[in-house]
Amino acid sequence: MSKKDQIRNFNLHLHTSVSDGALSPKRLIRQAIESNLDLISITDHDTVDAYHHFDIADYPIHIMPGIEISTQEDGVDIHLLAYGIDIHDKDLKELMEMYLHGRKYRARQMIAKLKKLGILIDIKEVIAVAGSRELIVRPHIAQIMVANGYCCNKNEAFDLYIGNDKPAYVPKPEVSMEEAIRVIHDAGGFAVLAHPGKLKDNAYLQKSIALGIDGLEAWHPDHSNGTMRDYIDLGQKNGLYLTGGSDFHGEQDFHNQFGCVPHHEVIINSVNELWEAWQCRRK
C-alpha cells in the first residue's frame, strides 16, 4: 500500500439502525465521509443486513464487511468482531437466523416478566423500533419502557428490570467462542475480541487467544490509555491484529464518538496490515 493509500483515520466498530444504532447504513456512511475517515466497518449485532442496503463500490471510502457476534462461555457474554467475512456464507447466515428467531422468543419472555411487574408493553412496539430485520436486543425493549413512561432512561431500565440478573432478565441464545470463531474463519473472515477491557475475568481473554482469534480491539471508549497499551503489548506478543472502534450507536453517551479513534501508530499499522490481508484474500 502506498503512502497515498495508507489508512490513517478509521472506526471499525459502528452500529446502524439495522440493529440498535440510530443512523441508517447510508446515513452512517455519509457521516463517515464527512468525518474524513479512510476506513470503516459496520458491525451490527448478529446481522450483516446493513450491507444489503448499499453498494460498497458507490462510496469514496474503504468499507470492510463486519459483524459483532455474541458468544457465551460459562454464562459470561463475550463479543467477537468479525471483519472481512463473506456476508453470503451459508453457516454465517444460519447463525444469524438462529439469533433472529431466538431474540424474538427472548423478547416475548421478557415482556411477559415485565407484565408481572406491572410494566405493560406490546411486542409490536418493540418490533417497530428494532430495525428492518426486526432483530430485537434489550435496548429496544428499554427504549419502549422509556417512551411509555416506566423509566427515565435506558440505563434505569437495565439497572432495575432487564439488566443481567434483574427481575425481567432472560438470557439470549448464544454460541460458544469456539463455534463463532469457526464460523468467522470458514466465512473467510478475521475474528477480533471486542472491548476486552469489559471482561471481568482475563481468563476469557487468554482462552480466546488459545481458541485462535486473529486480533484484539485495543482501543475502545471503555479502555484507559494504560489498558490500551497493555492490549497492544499482548497483541504483539501473540502475533495478533490490533484494531480500534468507538462502538458508535448514535446516542448521547461517551460511545457517541465517531471519527476520533486515537492515532496510535502501532494500531494504525496493524489496521493497515489487516486491510491488506483482506485484500489479498479477495484476489
Counted residues in segment 109-122 being within 16 Å of Tyr161 (Cβ to Cβ) and either at pLDDT below 95 or outside any helix (DSSP H, G or I) (or both) come to 5
Conditions (1) within 30 Å of Val129 (Cα to Cα); (2) in a helix (DSSP H, G or I) -> Asp222 fails only (2)
Every listed condition ((1) over 28 Å from Gly215 (Cα atoms); (2) surrounded by fewer than 21 Cβ atoms within 10 Å (Cβ to Cβ)) holds for His140 save (2)
Among residues of segment 123-167 being in a loop (DSSP other than H, G, I, E, B) and among the charged types (D, E, K, R), the residue modelled with the highest pLDDT is Lys166
Per the filter on segment 229-252, residues modelled with pLDDT under 95 and in contact with a helix residue (DSSP H, G or I) (Cβ under 9 Å, 6 or more places away or on another chain) are Phe248, His249, Gly250, Glu251
Restricting segment 16-42 to residues that are part of a helix (DSSP H, G or I) and among the hydrophobic types (A, V, I, L, M, F, W, C), the one farthest from Glu68 (Cα to Cα) turns out to be Ile33
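The values are calculated or read from the model by the stated rules, or taken from the named source; none is laboratory data. What you see is a predicted model, and the numbers here were worked out from it, not measured in a lab. We place every Cβ from the backbone using ideal geometry, glycine too, and count neighbours over all the protein chains shown.
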